[in-house]
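Enquirer: Take a look at this one; I'll ask things after.
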Amino acid sequence: MASVAEICENTKMGREHALLGDYETSQVYYQGVLQQIQKLLLTIKDTQRKQTWQQVQGSVHHVNLL
């Protein structure tokens, strides 16, 4: 299972690579984050917490498309 800390760190790395213009590496990080969030969602039982993570997933997906 992906930890929240890993998701945060990989999101940070994706952002840093994007800011440096290394878009391919950034996209790899963001794809990994999306996969980690998907795995995390499978383990969450609390509806409100699950919805929050689904919103995060949507935001990351949107950034990844840009």
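The values are calculated or read from the model by the stated rules, or taken from the named source; none is laboratory data. Nothing here was measured: the structure is a model prediction, and the numbers come from that model. Every residue, glycine as well, gets a Cβ built from its backbone with ideal geometry; the counts of neighbours run over all protein chains shown. Ligands, DNA and RNA are excluded from the accessible area calculation, which covers all protein heavy atoms including side chains. Shrake-Rupley method; radii C 1.70, N 1.55, O 1.52, S 1.80 Å.
Enquirer: Could you compute how much accessible surface Y23 exposes when probed at 1.4 Å, giving the result in Å² to the nearest 10?
Expert: Here the accessible area works out near 150 Å².
Enquirer: Charges on Cβ only, +1 for Lys and Arg, -1 for Asp and Glu, centred on the Cα centroid of the chain; of L19, L66, A2, which one is farthest towards the dipole's positive end?
Expert: A2
Enquirer: Additional query: Using heavy-atom solvent-accessible surface (probe 1.4 Å) with all chains present, what is the largest-first order of V4, V33? Before the final figure, lay out the partial values.
Expert: On the way: V4 60, V33 0 Å².
Putting V4, V33 in descending order of accessible area: V4, V33.
Enquirer: In degrees from 0 to 90, rounded to the nearest 10, what is the angle of the helix 23-43 Cα long axis to the longest principal axis of the chain?
Expert: Approximately 10 degrees, to the nearest 10.
Enquirer: Here's another thing I want to ask about it. Do the sum for the chain: with -39,500 (n - 2.57) for every DSSP H run of n ≥ 4, divided by all residues, what is the mean residue ellipticity at 222 nm, to the nearest 500 deg cm²/dmol?
Expert: Numbers: 3 runs with 56 residues, N = 66.
So the helix-based figure for the chain works out to -29000 deg cm²/dmol.
Enquirer: Determine Rg/Rh for the chain; Rg is computed over alpha-carbon atoms and Rh is the Kirkwood hydrodynamic estimate from the same atoms. Kindly include the intermediate steps, with their values, before the conclusion.
Expert: Working: Rg = 11.9 Å, Rh = 11.9 Å.
Reported Rg/Rh (Cα atoms, Kirkwood Rh): 1.00.
Enquirer: While we're on this one: May I ask for the angle, rounded to the nearest 10°, between helix 4-19 and the longest principal axis of the chain, with both axes built from Cα atoms and the value confined to 0 to 90°?
Expert: The angle comes out at about 20 degrees.
Enquirer: Each residue of segment 47-54 in turn: what ³J(HN,Hα) in whole Hz from Karplus with 6.51, -1.76, 1.60 and θ = phi - 60°, glycine and Pro shown as x?
Expert: 4, 5, 5, 5, 4, 4, 5, 5
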